[in-house]
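Here is the structure we will look at, set down as structure tokens.
Read-outs throughout are calculated quantities, based only on the coordinates presented, and are distinct from any laboratory measurement. Keep in mind the model is a prediction, meaning the values are calculated, not measured. Every residue, glycine among them, receives a Cβ derived from its backbone with ideal geometry; neighbour counts consider all protein chains shown.
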Amino acid sequence: MPVIMRYTAIVTLIFTLFPAVFCFAESYMVTKVYSGNRIKIQDGAKVQYIGLDSPGEARFFYDECKKANKNLVEKKEISIEFDIKKRDANKELLGYVYVGDVFVNAQLLKNGFAIAYIQPPNQKYAELFIALQKEARKQRRGIWAFEDPSDEPYYIGSKSSRKFHRPGCRIAKDMSFDKRVIFRNKDDALNKGYAQDWRCNPLFKKREEKKQWSNQKK
């Protein structure tokens, strides 16, 4: 059975047998969408989505990913499921977000508007997220329609940040050897749950070509 179908069946069974486990005590209104994976709720708390990465402001595909997230959650009531680590270094909440029965983290990956980003110990849905990304990438959904088909001779990942870089990237060159992990190709990095560093952008084509693509989509 394909991974996505297997996980869908498992999640359905769990919800059926143990509904109380997934009955979140509170719901929250989303008051602001900052990016493709970060929001603000009505009590002022900021929530970072677990298991996915999206570009920051002024980075490649920021507008597209933010819009996809807004379409799912803006001014809607959400519930939040937590994992082992509940807050990041900035004290922001880390969560799996739901709008009704829509699993927002998974939907963004399925639609191709985020990159799977697995950061232990929060890896409850790691296998599912990577499987959804593989399918979106294969079908060239969302930003994957603009993936650069060529590969560098290798890629350099950071063990601490779990981001990978082109070998010629200044940040990668400055990285100490004991903090590096080498990937033969993009597939190796993505299958390990590493996300790209948006500054050197190893997954996607040049900005000039992206503008042409964006104009065609209008």
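Charge tally around LEU93: other residues with Cβ under 15 Å, Lys/Arg +1 each, Asp/Glu -1 each, net +2. Counting Lys and Arg as +1 and Asp and Glu as -1 over every other residue whose Cβ lies under 12 Å from the Cβ of ASN122, the net charge comes to +2.
Karplus-derived 3J(HN,Hα) values for segment 128-140, using 6.51 cos²θ - 1.76 cosθ + 1.60 with θ = phi - 60°, are 4, 4, 5, 5, 5, 5, 4, 5, 4, 5, 4, 8, 6 Hz; glycine and proline are entered as x.
What area, in nm² and to one decimal, does the C-alpha convex hull of segment 129-203 cast on average over all directions?
Numbers: hull surface 19.3 nm².
Value for segment 129-203: 4.8 nm².
Applying the Karplus relation 6.51 cos²θ - 1.76 cosθ + 1.60 with θ = phi - 60° to segment 57-64 yields 3J(HN,Hα) values of 4, 6, 8, 3, 6, 4, 4, 5 Hz, where x marks Gly and Pro.
In this structure, the pairs whose alpha-carbon distance is over 25 Å, taken from LYS173/LYS205; LYS70/LYS186; LYS40/LYS159; LYS85/LYS179, are LYS70/LYS186; LYS40/LYS159. Scalar couplings 3J(HN,Hα) for segment 192-205, obtained by applying the Karplus form with A = 6.51, B = -1.76, C = 1.60 to θ = phi - 60°, are 8, x, 7, 9, 6, 7, 6, 6, 9, 6, x, 8, 10, 6 Hz; x denotes Gly and Pro.
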